[in-house]
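Okay, structure first, notes after.
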Amino acid sequence: MSAYVQERLGAAGLSARWVGAAGIVLGVLAFWLALPPLKTTQLAWPALLAAAAAVAGAWTISQGAKRVGWGAVVAAALGGGLAVLAAQAGRQNLETAVVWSALLASMLVYATPLTYAAIGGLFSERSGVVNIGLEGMMLTGAFFGIWGADRTGSWVFGLLIAMGAGGLMALVYGFFAIHLRADQIVGGTAINFLSLGITGYLFIDIYGSNGTPNLGDAQQIPDISISHSGNFFAQVFGDLNLLIWVSFGVLVAAYLFVFRTPYGLRLRSVGEHPRAADTVGISVFKTRYAAVTFSGMLSAMGGAYLSIGFVHSFNQNMTEGRGFIALAALIFGKWRPAGAFGAALLFGFSSALAQRLGTIPNWSSYAVLFQALPYVLTLIAVAGVIGRSIPPAADGQPYQKQ
(Lines give C-alpha, C1' and ligand atoms only; values in the text may rest on other atoms or scores of the structure.)
Protein backbone atom coordinates (compact mmCIF):
# COMPACT_ATOMS: atom_id res chain seq x y z
CA MET A 1 0.00 0.00 0.00
CA SER A 2 1.42 3.37 -1.00
CA ALA A 3 2.12 6.11 1.49
CA TYR A 4 -0.49 8.29 -0.24
CA VAL A 5 -3.24 5.71 0.27
CA GLN A 6 -2.25 5.20 3.92
CA GLU A 7 -2.32 8.95 4.46
CA ARG A 8 -5.78 9.22 2.90
CA LEU A 9 -7.12 6.36 5.01
CA GLY A 10 -5.69 7.90 8.15
CA ALA A 11 -7.27 11.26 7.32
CA ALA A 12 -10.62 9.57 6.69
CA GLY A 13 -10.44 7.77 10.01
CA LEU A 14 -9.64 11.02 11.79
CA SER A 15 -12.57 12.77 10.11
CA ALA A 16 -14.90 9.93 11.09
CA ARG A 17 -13.84 10.21 14.72
CA TRP A 18 -14.48 13.94 14.67
CA VAL A 19 -17.97 13.35 13.25
CA GLY A 20 -18.62 10.74 15.93
CA ALA A 21 -17.46 13.13 18.64
CA ALA A 22 -19.78 15.78 17.22
CA GLY A 23 -22.60 13.23 17.40
CA ILE A 24 -21.90 12.69 21.11
CA VAL A 25 -22.05 16.45 21.67
CA LEU A 26 -25.36 16.66 19.80
CA GLY A 27 -26.80 13.87 21.95
CA VAL A 28 -25.83 15.78 25.10
CA LEU A 29 -27.33 19.00 23.69
CA ALA A 30 -30.60 17.20 23.01
CA PHE A 31 -31.01 16.63 26.74
CA TRP A 32 -29.64 20.05 27.67
CA LEU A 33 -32.32 21.83 25.62
CA ALA A 34 -35.00 20.38 27.90
CA LEU A 35 -33.28 21.59 31.08
CA PRO A 36 -33.20 25.07 32.65
CA PRO A 37 -32.61 27.76 31.61
CA LEU A 38 -33.86 26.78 28.12
CA LYS A 39 -36.62 24.31 29.16
CA THR A 40 -37.99 23.92 25.68
CA THR A 41 -41.45 22.41 25.58
CA GLN A 42 -41.16 21.65 21.89
CA LEU A 43 -39.72 18.17 21.57
CA ALA A 44 -39.01 18.74 17.90
CA TRP A 45 -35.64 20.38 18.60
CA PRO A 46 -34.32 17.71 20.98
CA ALA A 47 -35.63 15.04 18.60
CA LEU A 48 -33.85 16.71 15.69
CA LEU A 49 -30.55 16.86 17.57
CA ALA A 50 -30.89 13.27 18.72
CA ALA A 51 -31.62 12.16 15.16
CA ALA A 52 -28.58 14.07 13.88
CA ALA A 53 -26.45 12.43 16.57
CA ALA A 54 -27.73 8.99 15.56
CA VAL A 55 -26.99 9.67 11.88
CA ALA A 56 -23.49 10.90 12.75
CA GLY A 57 -22.92 7.78 14.82
CA ALA A 58 -24.17 5.46 12.08
CA TRP A 59 -21.94 7.14 9.48
CA THR A 60 -18.96 6.96 11.82
CA ILE A 61 -19.55 3.23 12.36
CA SER A 62 -19.72 2.71 8.58
CA GLN A 63 -16.30 4.36 8.28
CA GLY A 64 -14.77 1.89 10.72
CA ALA A 65 -14.57 4.08 13.85
CA LYS A 66 -16.95 1.84 15.75
CA ARG A 67 -16.17 2.90 19.31
CA VAL A 68 -16.87 6.59 18.94
CA GLY A 69 -19.68 5.82 16.51
CA TRP A 70 -21.53 3.65 18.99
CA GLY A 71 -20.86 6.31 21.60
CA ALA A 72 -22.74 8.81 19.42
CA VAL A 73 -25.62 6.36 18.96
CA VAL A 74 -25.87 5.77 22.71
CA ALA A 75 -25.69 9.53 23.36
CA ALA A 76 -28.50 10.06 20.85
CA ALA A 77 -30.72 7.47 22.52
CA LEU A 78 -30.03 8.76 26.02
CA GLY A 79 -30.30 12.43 25.05
CA GLY A 80 -33.60 11.97 23.23
CA GLY A 81 -35.08 9.73 25.93
CA LEU A 82 -34.08 12.01 28.80
CA ALA A 83 -35.41 15.04 26.90
CA VAL A 84 -38.81 13.35 26.70
CA LEU A 85 -38.72 12.64 30.43
CA ALA A 86 -37.70 16.24 31.14
CA ALA A 87 -40.63 17.54 29.13
CA GLN A 88 -42.98 15.36 31.18
CA ALA A 89 -41.51 16.51 34.49
CA GLY A 90 -42.91 20.01 34.27
CA ARG A 91 -41.16 23.38 34.34
CA GLN A 92 -41.63 24.03 38.04
CA ASN A 93 -40.15 20.67 39.03
CA LEU A 94 -37.19 21.18 36.69
CA GLU A 95 -36.51 24.67 38.03
CA THR A 96 -36.45 23.26 41.57
CA ALA A 97 -34.27 20.25 40.79
CA VAL A 98 -31.89 21.65 38.17
CA VAL A 99 -30.16 24.65 39.70
CA TRP A 100 -26.82 24.96 37.93
CA SER A 101 -24.94 26.66 40.74
CA ALA A 102 -26.02 23.94 43.18
CA LEU A 103 -25.23 21.26 40.60
CA LEU A 104 -21.70 22.57 40.05
CA ALA A 105 -21.07 22.88 43.78
CA SER A 106 -22.30 19.31 44.28
CA MET A 107 -20.13 18.22 41.36
CA LEU A 108 -17.04 19.44 43.21
CA VAL A 109 -18.19 17.70 46.39
CA TYR A 110 -18.68 14.35 44.66
CA ALA A 111 -15.55 14.70 42.52
CA THR A 112 -13.17 15.41 45.42
CA PRO A 113 -12.80 11.83 46.81
CA LEU A 114 -12.41 10.59 43.23
CA THR A 115 -9.72 13.18 42.60
CA TYR A 116 -7.61 12.12 45.57
CA ALA A 117 -7.89 8.44 44.72
CA ALA A 118 -7.23 9.03 41.00
CA ILE A 119 -4.10 11.09 41.70
CA GLY A 120 -2.98 8.40 44.14
CA GLY A 121 -3.50 5.79 41.43
CA LEU A 122 -1.53 8.00 39.05
CA PHE A 123 1.61 7.75 41.18
CA SER A 124 1.22 4.00 41.57
CA GLU A 125 0.58 3.23 37.92
CA ARG A 126 3.22 5.63 36.64
CA SER A 127 5.67 3.51 38.64
CA GLY A 128 4.35 0.33 36.99
CA VAL A 129 2.01 -1.02 39.70
CA VAL A 130 -1.71 -1.36 38.96
CA ASN A 131 -3.53 -0.32 42.12
CA ILE A 132 -6.91 -2.04 42.10
CA GLY A 133 -6.90 -1.59 45.89
CA LEU A 134 -7.78 2.13 45.76
CA GLU A 135 -11.28 1.27 46.97
CA GLY A 136 -10.00 -0.51 50.06
CA MET A 137 -7.50 2.23 50.85
CA MET A 138 -10.27 4.84 50.61
CA LEU A 139 -12.46 2.79 52.93
CA THR A 140 -9.59 2.40 55.40
CA GLY A 141 -9.05 6.16 55.39
CA ALA A 142 -12.77 6.79 55.90
CA PHE A 143 -12.93 4.66 59.04
CA PHE A 144 -9.64 5.61 60.64
CA GLY A 145 -10.25 9.26 59.82
CA ILE A 146 -13.41 9.43 61.89
CA TRP A 147 -11.95 7.11 64.54
CA GLY A 148 -8.89 9.33 64.86
CA ALA A 149 -10.97 12.51 64.98
CA ASP A 150 -13.21 10.95 67.62
CA ARG A 151 -10.32 9.77 69.78
CA THR A 152 -8.10 12.85 69.51
CA GLY A 153 -10.80 15.50 69.24
CA SER A 154 -9.13 17.04 66.17
CA TRP A 155 -9.81 16.57 62.49
CA VAL A 156 -6.13 17.26 61.77
CA PHE A 157 -5.02 14.22 63.72
CA GLY A 158 -7.92 12.26 62.28
CA LEU A 159 -6.72 13.07 58.77
CA LEU A 160 -3.11 12.16 59.63
CA ILE A 161 -4.21 8.86 61.18
CA ALA A 162 -6.29 8.13 58.09
CA MET A 163 -3.32 8.79 55.81
CA GLY A 164 -1.11 6.57 57.96
CA ALA A 165 -3.64 3.73 57.87
CA GLY A 166 -4.08 4.06 54.10
CA GLY A 167 -0.32 4.13 53.61
CA LEU A 168 0.07 1.01 55.76
CA MET A 169 -2.59 -0.82 53.75
CA ALA A 170 -0.82 0.23 50.55
CA LEU A 171 2.49 -0.97 51.98
CA VAL A 172 0.96 -4.40 52.58
CA TYR A 173 -0.28 -4.46 49.01
CA GLY A 174 3.11 -3.28 47.76
CA PHE A 175 4.89 -6.10 49.59
CA PHE A 176 2.85 -8.72 47.74
CA ALA A 177 2.82 -6.92 44.37
CA ILE A 178 6.45 -5.72 44.30
CA HIS A 179 8.47 -7.99 46.55
CA LEU A 180 6.60 -11.27 46.10
CA ARG A 181 5.56 -10.42 42.50
CA ALA A 182 1.98 -11.57 43.10
CA ASP A 183 -0.72 -10.92 40.51
CA GLN A 184 -1.58 -7.26 41.01
CA ILE A 185 -5.25 -7.55 40.06
CA VAL A 186 -5.82 -10.40 42.51
CA GLY A 187 -3.73 -8.67 45.18
CA GLY A 188 -5.64 -5.41 44.84
CA THR A 189 -8.96 -7.24 45.03
CA ALA A 190 -7.76 -8.99 48.19
CA ILE A 191 -6.85 -5.61 49.71
CA ASN A 192 -10.39 -4.38 48.99
CA PHE A 193 -11.94 -7.34 50.78
CA LEU A 194 -9.41 -7.09 53.62
CA SER A 195 -10.26 -3.42 54.15
CA LEU A 196 -13.97 -4.17 54.00
CA GLY A 197 -13.58 -6.85 56.67
CA ILE A 198 -11.27 -4.88 58.96
CA THR A 199 -13.30 -1.67 58.91
CA GLY A 200 -16.57 -3.56 59.28
CA TYR A 201 -15.30 -5.52 62.27
CA LEU A 202 -13.78 -2.50 64.00
CA PHE A 203 -16.88 -0.42 63.35
CA ILE A 204 -19.13 -3.00 65.03
CA ASP A 205 -16.62 -3.74 67.79
CA ILE A 206 -15.97 -0.10 68.72
CA TYR A 207 -19.25 1.65 67.98
CA GLY A 208 -21.78 -1.19 67.88
CA SER A 209 -25.38 -0.56 66.87
CA ASN A 210 -25.21 3.10 67.98
CA GLY A 211 -22.94 4.02 65.10
CA THR A 212 -20.29 6.70 65.13
CA PRO A 213 -20.92 9.64 67.49
CA ASN A 214 -21.83 13.13 66.36
CA LEU A 215 -18.67 15.05 65.58
CA GLY A 216 -18.01 18.44 67.08
CA ASP A 217 -16.81 21.40 65.06
CA ALA A 218 -13.17 20.67 65.95
CA GLN A 219 -13.56 17.10 64.68
CA GLN A 220 -14.98 18.04 61.27
CA ILE A 221 -12.89 19.24 58.36
CA PRO A 222 -14.07 22.87 58.09
CA ASP A 223 -15.69 24.63 55.17
CA ILE A 224 -13.97 27.72 53.78
CA SER A 225 -16.30 30.66 53.22
CA ILE A 226 -14.87 33.18 50.78
CA SER A 227 -17.94 35.06 49.58
CA HIS A 228 -21.61 35.54 50.45
CA SER A 229 -22.46 38.00 47.69
CA GLY A 230 -25.08 35.72 46.15
CA ASN A 231 -23.74 35.77 42.60
CA PHE A 232 -23.17 32.61 40.57
CA PHE A 233 -19.48 32.35 41.45
CA ALA A 234 -20.19 32.70 45.17
CA GLN A 235 -22.93 30.08 45.00
CA VAL A 236 -20.51 27.57 43.47
CA PHE A 237 -17.21 28.37 45.22
CA GLY A 238 -18.23 30.48 48.19
CA ASP A 239 -18.61 27.72 50.78
CA LEU A 240 -16.52 24.67 49.91
CA ASN A 241 -14.79 22.22 52.21
CA LEU A 242 -11.10 22.76 52.92
CA LEU A 243 -10.11 19.45 51.30
CA ILE A 244 -11.77 20.52 48.05
CA TRP A 245 -9.43 23.49 47.88
CA VAL A 246 -6.51 21.29 48.90
CA SER A 247 -7.32 18.92 46.04
CA PHE A 248 -6.69 21.75 43.56
CA GLY A 249 -3.24 22.21 45.02
CA VAL A 250 -2.63 18.46 44.95
CA LEU A 251 -3.41 18.43 41.23
CA VAL A 252 -0.91 21.18 40.46
CA ALA A 253 1.75 19.63 42.71
CA ALA A 254 1.22 16.19 41.15
CA TYR A 255 1.68 17.58 37.64
CA LEU A 256 4.80 19.54 38.56
CA PHE A 257 6.33 16.57 40.40
CA VAL A 258 5.60 13.90 37.79
CA PHE A 259 6.36 15.91 34.65
CA ARG A 260 8.66 18.72 35.73
CA THR A 261 11.13 17.26 38.26
CA PRO A 262 13.99 14.71 38.09
CA TYR A 263 12.16 12.57 40.65
CA GLY A 264 9.10 12.47 38.45
CA LEU A 265 11.27 11.45 35.52
CA ARG A 266 12.66 8.58 37.60
CA LEU A 267 9.12 7.56 38.55
CA ARG A 268 8.02 7.47 34.91
CA SER A 269 11.17 5.68 33.79
CA VAL A 270 10.49 2.90 36.31
CA GLY A 271 6.97 2.55 34.93
CA GLU A 272 8.08 2.58 31.30
CA HIS A 273 11.46 0.79 31.22
CA PRO A 274 12.36 -0.60 34.66
CA ARG A 275 15.33 -2.55 33.33
CA ALA A 276 16.88 0.56 31.81
CA ALA A 277 16.16 2.55 34.98
CA ASP A 278 17.83 -0.11 37.09
CA THR A 279 20.82 -0.08 34.78
CA VAL A 280 21.45 3.64 35.37
CA GLY A 281 21.21 3.22 39.15
CA ILE A 282 17.54 3.98 39.90
CA SER A 283 16.12 1.60 42.51
CA VAL A 284 12.98 0.12 40.95
CA PHE A 285 11.83 -1.47 44.20
CA LYS A 286 12.26 1.67 46.33
CA THR A 287 10.57 3.86 43.74
CA ARG A 288 7.59 1.53 43.43
CA TYR A 289 7.24 1.10 47.18
CA ALA A 290 7.26 4.87 47.66
CA ALA A 291 4.75 5.43 44.85
CA VAL A 292 2.34 2.73 46.05
CA THR A 293 2.53 3.91 49.66
CA PHE A 294 1.88 7.50 48.62
CA SER A 295 -1.05 6.38 46.49
CA GLY A 296 -2.58 4.76 49.57
CA MET A 297 -2.13 7.94 51.59
CA LEU A 298 -3.82 10.08 48.94
CA SER A 299 -6.66 7.58 48.56
CA ALA A 300 -7.12 7.60 52.33
CA MET A 301 -7.42 11.39 52.18
CA GLY A 302 -10.35 10.91 49.82
CA GLY A 303 -11.91 8.46 52.24
CA ALA A 304 -11.34 10.78 55.22
CA TYR A 305 -13.00 13.59 53.28
CA LEU A 306 -16.09 11.41 52.97
CA SER A 307 -16.30 10.56 56.67
CA ILE A 308 -15.14 13.71 58.48
CA GLY A 309 -15.53 16.31 55.75
CA PHE A 310 -18.78 15.45 53.99
CA VAL A 311 -21.02 12.87 55.70
CA HIS A 312 -19.61 13.38 59.25
CA SER A 313 -20.24 9.73 60.08
CA PHE A 314 -19.13 6.26 58.98
CA ASN A 315 -21.11 3.38 57.57
CA GLN A 316 -19.86 0.01 56.43
CA ASN A 317 -18.71 0.08 52.80
CA MET A 318 -19.48 3.79 52.62
CA THR A 319 -17.13 4.32 49.66
CA GLU A 320 -19.58 2.29 47.50
CA GLY A 321 -17.22 1.67 44.60
CA ARG A 322 -15.72 5.16 44.41
CA GLY A 323 -12.24 3.67 44.27
CA PHE A 324 -13.12 1.81 41.08
CA ILE A 325 -14.68 4.96 39.59
CA ALA A 326 -11.46 6.82 40.46
CA LEU A 327 -9.48 4.15 38.64
CA ALA A 328 -11.76 4.60 35.63
CA ALA A 329 -11.20 8.36 35.84
CA LEU A 330 -7.45 7.74 35.78
CA ILE A 331 -7.75 5.54 32.69
CA PHE A 332 -10.18 7.97 31.04
CA GLY A 333 -7.76 10.80 31.76
CA LYS A 334 -4.88 8.93 30.10
CA TRP A 335 -2.80 8.75 33.30
CA ARG A 336 -2.38 12.53 33.53
CA PRO A 337 -3.49 14.76 36.45
CA ALA A 338 -5.59 17.18 34.39
CA GLY A 339 -7.28 14.40 32.45
CA ALA A 340 -8.01 12.43 35.63
CA PHE A 341 -9.45 15.54 37.27
CA GLY A 342 -11.64 16.24 34.25
CA ALA A 343 -12.95 12.68 34.34
CA ALA A 344 -13.56 12.96 38.09
CA LEU A 345 -15.57 16.13 37.45
CA LEU A 346 -17.61 14.27 34.83
CA PHE A 347 -18.38 11.42 37.24
CA GLY A 348 -19.03 13.92 40.04
CA PHE A 349 -21.47 15.84 37.84
CA SER A 350 -23.29 12.64 36.94
CA SER A 351 -23.68 11.83 40.66
CA ALA A 352 -24.93 15.34 41.43
CA LEU A 353 -27.33 15.29 38.50
CA ALA A 354 -28.63 11.84 39.45
CA GLN A 355 -29.29 13.03 42.99
CA ARG A 356 -31.13 16.17 41.87
CA LEU A 357 -33.20 14.45 39.18
CA GLY A 358 -34.23 11.77 41.63
CA THR A 359 -36.08 14.45 43.65
CA ILE A 360 -38.52 15.25 40.83
CA PRO A 361 -41.91 13.79 41.83
CA ASN A 362 -42.76 12.52 38.37
CA TRP A 363 -39.39 10.81 38.19
CA SER A 364 -39.34 9.12 41.59
CA SER A 365 -39.62 5.70 39.96
CA TYR A 366 -36.47 6.45 37.93
CA ALA A 367 -34.38 7.45 40.97
CA VAL A 368 -32.54 4.09 41.10
CA LEU A 369 -31.71 4.33 37.40
CA PHE A 370 -30.29 7.81 37.89
CA GLN A 371 -28.08 6.56 40.72
CA ALA A 372 -26.59 4.05 38.27
CA LEU A 373 -25.53 6.85 35.89
CA PRO A 374 -21.96 7.25 37.29
CA TYR A 375 -21.34 3.50 36.95
CA VAL A 376 -22.66 3.50 33.38
CA LEU A 377 -20.24 6.30 32.55
CA THR A 378 -17.48 4.26 34.19
CA LEU A 379 -18.18 1.35 31.83
CA ILE A 380 -18.19 3.72 28.85
CA ALA A 381 -14.88 5.24 29.96
CA VAL A 382 -13.01 1.96 30.44
CA ALA A 383 -14.46 0.61 27.18
CA GLY A 384 -12.50 3.30 25.33
CA VAL A 385 -15.50 4.80 23.53
CA ILE A 386 -13.98 8.28 23.46
CA GLY A 387 -10.47 7.07 22.75
CA ARG A 388 -8.09 4.28 23.59
CA SER A 389 -5.86 5.05 26.56
CA ILE A 390 -2.33 3.65 26.49
CA PRO A 391 -0.95 2.88 29.97
CA PRO A 392 2.74 3.02 30.96
CA ALA A 393 4.62 0.27 29.16
CA ALA A 394 5.53 -1.70 32.30
CA ASP A 395 2.23 -1.12 34.12
CA GLY A 396 1.18 -4.30 35.90
CA GLN A 397 4.43 -6.14 35.18
CA PRO A 398 6.38 -7.34 38.27
CA TYR A 399 10.09 -6.61 38.10
CA GLN A 400 12.78 -9.11 39.00
CA LYS A 401 16.27 -7.77 39.51
CA GLN A 402 18.99 -9.70 37.69
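Quick rundown of the values:
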{"read-out": "Selection within region 134-160 - closer than 19 Å to residue 197 by Cα and either polar (S, T, N, Q) or surrounded by fewer than 24 Cβ atoms within 10 Å (Cβ to Cβ) (or both)", "value": "140, 147"}
{"read-out": "First in region 316-332 and part of a loop (DSSP other than H, G, I, E, B), second anywhere and open to solvent by 60 Å² or more (accessible area, probe 1.4 Å), Cβ under 8 Å, 6 or more apart", "value": "316/196; 317/196; 318/311; 321/375"}
{"read-out": "Flag if residue 157 is assigned to a helix (DSSP H, G or I) and under 24 Å from residue 317 (Cβ atoms)", "value": "no"}
{"read-out": "Residue, nearest to residue 298 (Cα to Cα), within region 234-252, restricted to residues that are free of Cβ contacts under 8 Å to residues at least 60 places away in the same chain and open to solvent by less than 50 Å² (accessible area, probe 1.4 Å)", "value": "249"}
{"read-out": "Members of region 191-205 found to be open to solvent by less than 60 Å² (accessible area, probe 1.4 Å) and either in contact (Cβ under 8 Å) with a residue 40 or more places away in the chain or touching a Cys at 6+ places or on another chain (Cβ under 7 Å) (or both), listed by number", "value": "191, 192, 195, 199, 200, 202, 203"}
{"read-out": "Selection status of residue 171, open to solvent by 20 Å² or more (accessible area, probe 1.4 Å), assigned to a helix (DSSP H, G or I) and touching a Ser or Thr at 6+ places or on another chain (Cβ under 9 Å)", "value": "yes"}
{"read-out": "Pairs, first open to solvent by 60 Å² or more (accessible area, probe 1.4 Å) in region 58-83, second of a type in the set (A, V, I, L, M, F, W, C) and in a helix (DSSP H, G or I), C-beta under 7 Å, six or more apart", "value": "59/19; 63/12; 63/16; 70/61"}
{"read-out": "Odd one out for residue 128, checked against (1) assigned to a helix (DSSP H, G or I); (2) open to solvent by less than 10 Å² (accessible area, probe 1.4 Å)", "value": "(1)"}
{"read-out": "Flag if residue 165 is of a type outside the set (Phe, Trp, Tyr) and closer than 16 Å to residue 285 by Cβ", "value": "no"}
{"read-out": "Residue within region 223-233 that is within 28 Å of residue 110 (Cβ to Cβ), touching a residue at least 40 places away in the same chain (Cβ under 8 Å), surrounded by 12 or more Cβ atoms within 10 Å (Cβ to Cβ) and among the aliphatic types (A, V, I, L, M) present", "value": "no"}
{"read-out": "Subset of region 206-222 (residues that are without any contact (Cβ under 8 Å) to a residue 40 or more places away in the chain and either aliphatic (A, V, I, L, M) or open to solvent by 80 Å² or more (accessible area, probe 1.4 Å) (or both))", "value": "209, 210, 217"}
{"read-out": "Selection count, region 358-402, where residues are open to solvent by less than 90 Å² (accessible area, probe 1.4 Å), under 24 Å from residue 24 (Cβ atoms), modelled with pLDDT of 75 or more and of a type in the set (A, V, I, L, M, F, W, C)", "value": "2"}
{"read-out": "Whichever residue in region 174-190 is of a type outside the set (A, V, I, L, M, F, W, C) and in a helix (DSSP H, G or I) and, among such residues, is most open to solvent (accessible area, probe 1.4 Å)", "value": "179"}
{"read-out": "Options 58, 87: the member that is part of a helix (DSSP H, G or I), at pLDDT below 90 and more than 26 Å from the chain's Cα centre (by Cα)", "value": "87"}
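The values are calculated or read from the model by the stated rules, or taken from the named source; none is laboratory data. Computed from a prediction, not measured in an experiment: that's the story for all the values here. Cβ sites come from the backbone with ideal geometry, for glycine too, and all protein chains shown count toward neighbours. Ligands, DNA and RNA are excluded from the accessible area calculation, which covers all protein heavy atoms including side chains. Shrake-Rupley method; radii C 1.70, N 1.55, O 1.52, S 1.80 Å.
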